[in-house]
There are 2 protein chains.
Amino acid sequence: MSLPHALMVSLIEKSCSGYDLAQRFGKSIGFFWQASHQQIYRELAKMEEKGWVKSEADEESKTKKRIYEVLDAGRIELKRWASESVEPVTQREEFFVRLRAEAALGPLGLVDEMRHRIQIHEQKLALYRAIEQRDFLSKAHKNSMTRELKIQYQILRAGIVYEEGGLKWSKETYEILKQE
Amino acid sequence: MSLPHALMVSLIEKSCSGYDLAQRFGKSIGFFWQASHQQIYRELAKMEEKGWVKSEADEESKTKKRIYEVLDAGRIELKRWASESVEPVTQREEFFVRLRAEAALGPLGLVDEMRHRIQIHEQKLALYRAIEQRDFLSKAHKNSMTRELKIQYQILRAGIVYEEGGLKWSKETYEILKQE
DNA sequence: CCACCCATGTAACTAGTTACATGATTTC
DNA sequence: GAAATCATGTAACTAGTTACATGGGTGG
C-alpha cells in the first residue's frame, strides 16, 4: 500500500513523534490501517532522507522524543499520490478460505468462530456509533458541517456500513453453521 | 495470509495445474483472493516438498502441464489450519488515506474516482447476482440445499453484502465530494 | 528498587509484486 | 508463418511481521 503517505496525512493533521504515530495507528487511524512501531520508525527515517518530513528533538519532554513535521516536498508528494487513480483491489479474506475448507471437509469448529465474530462486529459498531455521536451528530447540524468534517464523517460511516454488513452476514452464517 | 491453504482448498474442490489455479485465482476465487502465477508456482513447489500435494504430468495434454492433487498430509494440515482461531484483522484501505488527504489538503479529484468506484460496485453486484441466480436460487429450494452448498452460497452472500454496502457508501460520499 | 510505560531502534524472516525468460501449441 | 495463448519458471525487489535490544522516566 503506502504507509509513508498514510503517515504524512496523519502528521499533517497533527505533528508528532514516531511513538505517537504508532499509538494512533494502533487505535483511531487503525480503524482502517494498522502499522507496527518498527515499520513506522523505518518509514520515517526514509521519508526524512527524501526530504518529505523533518524531525527535531522535543524541547518540552526530557525523553529522546523526536517530533516529525511534513515539509512542502511531502505535501506535494502527497497530493500527487492521492490524485493517482488506482483500481480497487479485492481484499484477501482468509476466513472465506476457512469456510470453504469447512464446506469441503466437514465441520471444523467455525461455529464458535462465527459467534466470536458476531461479538467483535457488535463491539466495533458500538464504538463507531459512540464516536459518531461524540464527533459528528451532537456537535453541529449535518448541514452546517465543513467539507473537511463531512469527509471525516464519511470515513467513519464506511466503518459503520462495513460493520453493519459484516454483522448481518455473520448472523446469517452462524445460523447455517449451527446445523451440523 | 496463507496462500498454500487457499490453494489446497481449491485443489480439493478440483485437482488441476498451477496454470489453472492462476486462472481461478484471477477469477471466481479471486472474488476474495488474488494471486499471481509466479507466487502460485513457488508455493506449489514448497507444498510438494512438504508432502502436502503431489503432481504428475498430464497424460491427456501434449504440453508440459502438471496436475496437482492434495495428499492426506495436506488434508490434515488444512484441517488443523482451518480450526485455528485467528482474530479478524482490520483491512488496509488505501482509499481512506486518499480521502483524508482530500479532507486535509482540499479537492484532489477524488470525485471522479468515486464515480468510477460506483460503477465497479454496480458491475460486481450484477455479476454476483447473476451467479446467485445461476448456482443457488434456480437450482433448488434453499431448504433442500446441502450444508456444503449453503456454505458456498454464504461466501457469495458475503460478496453481495459487501458490494451493497460499498455502493451505498460510495453514493453518499460522491454527493459530498461533488460539492467542492 | 522494581515494575511498567515511554521512546527508539536493529536484524532476520515471510509474503507478495514486478520484471524478465522460455518454449510449446493453437488459431488466424 | 505470425500472433496469441498455454504453461512453467527465475531473480530482484518491496512491504510487512516477529523477535530482540536498550535506556530513561514514573509510580507504588
**OP:** Could you list all residues from region B:8-49 that are within 12 Å of DNA strand C (Cβ to nearest atom), free of Cβ contacts under 8 Å to residues at least 12 places away in the same chain and either farther than 20 Å from A:V89 by Cβ or part of a helix (DSSP H, G or I) (or both)?
**Re:** B:G30, B:Q38, B:R42
Subject >> Residues of region B:100-151 classified as outside any helix (DSSP H, G or I) and loosely packed, with under 11 Cβ neighbours inside 10 Å, total >> reply: 3
Original post:
Going through region B:56-82 one residue at a time, which ones are more than 11 Å from DNA strand D (Cβ to nearest atom) and out of contact with any helix residue (DSSP H, G or I) (no Cβ under 8 Å at 6 or more places or on another chain)?
Top reply: B:E59, B:L71, B:D72, B:I76, B:R80
Subject >> Which numbered condition A:A45 fails, given (1) over 30 Å from B:Q34 (Cβ atoms); (2) at the interface with chain B (Cβ under 8 Å from one of its Cβ atoms); (3) within 14 Å of DNA strand D (Cβ to nearest atom) >> reply: (2)
Subject >> Where A:V97 falls short, out of the listed (1) within 10 Å of chain B (Cβ to nearest Cβ); (2) modelled with pLDDT of 95 or more; (3) crowded, with 17+ Cβ neighbours inside 10 Å >> reply: (2)
Original post:
Which one of these does A:G74 not meet: (1) away from DNA strand C (no atom under 16 Å from the Cβ); (2) facing chain B (nearest Cβ under 7 Å)?
Top reply: (2)
Subject >> Which numbered condition A:E84 misses (of (1) within 19 Å of A:K14 (Cβ to Cβ); (2) charged (D, E, K, R); (3) in contact with a Lys or Arg (Cβ under 9 Å, 6 or more places away or on another chain); (4) within 11 Å of chain B (Cβ to nearest Cβ)) >> reply: (1)
Original post:
Which one is nearest to DNA strand D (Cβ to nearest atom) among residues in region A:1-33 that are within 12 Å of another protein chain (Cβ to nearest Cβ) and surrounded by fewer than 16 Cβ atoms within 10 Å (Cβ to Cβ)?
Top reply: A:M1
Original post:
Within region A:59-68, can one find any residue that is at pLDDT 95 or above, touching a Lys or Arg at 6+ places or on another chain (Cβ under 8 Å), farther than 30 Å from A:A130 by Cα and not polar (S, T, N, Q)?
Top reply: yes
Original post:
In region B:50-89, what residues are free of Cβ contacts under 8 Å to residues at least 12 places away in the same chain, among the small types (G, A, S) and surrounded by 13 or more Cβ atoms within 10 Å (Cβ to Cβ)?
Top reply: B:S83
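The values are calculated or read from the model by the stated rules, or taken from the named source; none is laboratory data. Since the model is a prediction, treat every value here as computed from it, not as a measurement. Please note: Cβ atoms are built from the backbone with ideal geometry, for glycine as well, and neighbour counts cover all protein chains shown.
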